[in-house]
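Quick notes on the structure that follows.
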């Protein structure tokens, strides 16, 4: 429930007159998503080996982002 409240606040603040940096908004939404779904996500290829090692009980996945960089996730 707290993640849903945080997401609502973020969405409302995006409609305000004060613009939020696109990267900051993505980072916040990623954190909310990770907490709500029990998923570890990295958009930094250097972090993927650590996530893969810690994902023994989950479903590890890798993909290429639009910028060509590798990203990964562990769905627990």
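The length gained on full extension between residue 53 and residue 69, counted as 0.36 nm times the residue separation minus their Cα-Cα distance, comes to 3.8 nm. At full extension, residue 45 and residue 60 could sit 4.0 nm farther apart than now, given 0.36 nm per residue minus the alpha carbon distance.
Computed from the coordinates by the stated procedures, all read-outs in this text should not be read as laboratory data. Remember, predicted model here, so these are calculated numbers, not experimental data.
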